[in-house]
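Asks: Shown below is the structure under consideration.
The values are calculated or read from the model by the stated rules, or taken from the named source; none is laboratory data. Everything numeric here is computed off the predicted structure, so don't read it as measured data. Cβ: placed from backbone, ideal geometry, glycine included. Neighbour counts: every protein chain shown.
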């Protein structure tokens, strides 16, 4: 398979609310909105996020429920983003934590409960790297 472009799609109970969440909090821009479906872009045209109404007839019946998954966003300053999102009323489910494998990150959720990992890359612990066979 030759993939021409990759886009992430979420199934949502309320397409407008979920779209607004990503526009207001993560800097996405709405590109297309037909009610039951929206497509959003970001600074780089390769970044595309779509939202589909979970109960729409185009969705197979066994999957007509909001998506519960994990999205990851790499940022410059995770702690500052947590503070900004917390002030905006976003549900922070795990505060900023430094991990030995080279991440400073926190988790929040969107209106449908999709888990979002906001990550700042930091130097991994040298001892952990050695023990893991990576350094």
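Asks: Collect the residues in the range 99-124 that are touching a strand residue (DSSP E or B) at 6+ places or on another chain (Cβ under 9 Å) and in a loop (DSSP other than H, G, I, E, B), keeping them in residue-number order.
Replies: If we filter the range 99-124 for residues that are touching a strand residue (DSSP E or B) at 6+ places or on another chain (Cβ under 9 Å), which is where we start, we get 99, 102-112, 114-122, 124.
Within the range 99-124, 102, 110, 111, 112, 114, 122, 124 meet the criteria.
Asks: Which count do you get for residues in the range 14-28 that are in contact (Cβ under 8 Å) with a residue 24 or more places away in the chain and surrounded by 15 or more Cβ atoms within 10 Å (Cβ to Cβ)?
Replies: Here the count works out to 8.
Asks: Collect the residues in the range 85-135 that are buried (at least 18 other Cβ atoms within 10 Å of the Cβ) and over 18 Å from the mean Cα position of the chain (by Cα), keeping them in residue-number order.
Replies: Within the range 85-135, none qualify.
Asks: Here's another thing I want to ask about it. Would you confirm whether any residue within the range 70-84 is closer than 18 Å to residue 13 by Cβ and exposed (fewer than 15 other Cβ atoms within 10 Å of the Cβ)?
Replies: no
Asks: If the requirement is being closer than 16 Å to residue 7 by Cβ and in contact with a helix residue (DSSP H, G or I) (Cβ under 8 Å, 6 or more places away or on another chain), which of these qualifies: 32, 40?
Replies: Details: 32 fails: in contact with a helix residue (DSSP H, G or I) (Cβ under 8 Å, 6 or more places away or on another chain).
Selected residue: 40, the only one of 32, 40 that is closer than 16 Å to residue 7 by Cβ and in contact with a helix residue (DSSP H, G or I) (Cβ under 8 Å, 6 or more places away or on another chain).
Asks: Let me ask something additional. Collect the residues in the range 59-93 that are free of Cβ contacts under 8 Å to residues at least 12 places away in the same chain and not assigned by TED's automatic domain parsing to the domain that holds residue 109, keeping them in residue-number order.
Replies: 60, 61, 62
Asks: Quick check on residue 106: is it under 30 Å from residue 123 (Cα atoms), touching a helix residue (DSSP H, G or I) at 6+ places or on another chain (Cβ under 6 Å), modelled with pLDDT of 95 or more and not assigned by TED's automatic domain parsing to the domain that holds residue 125?
Replies: So residue 106 does not fit the description; no.
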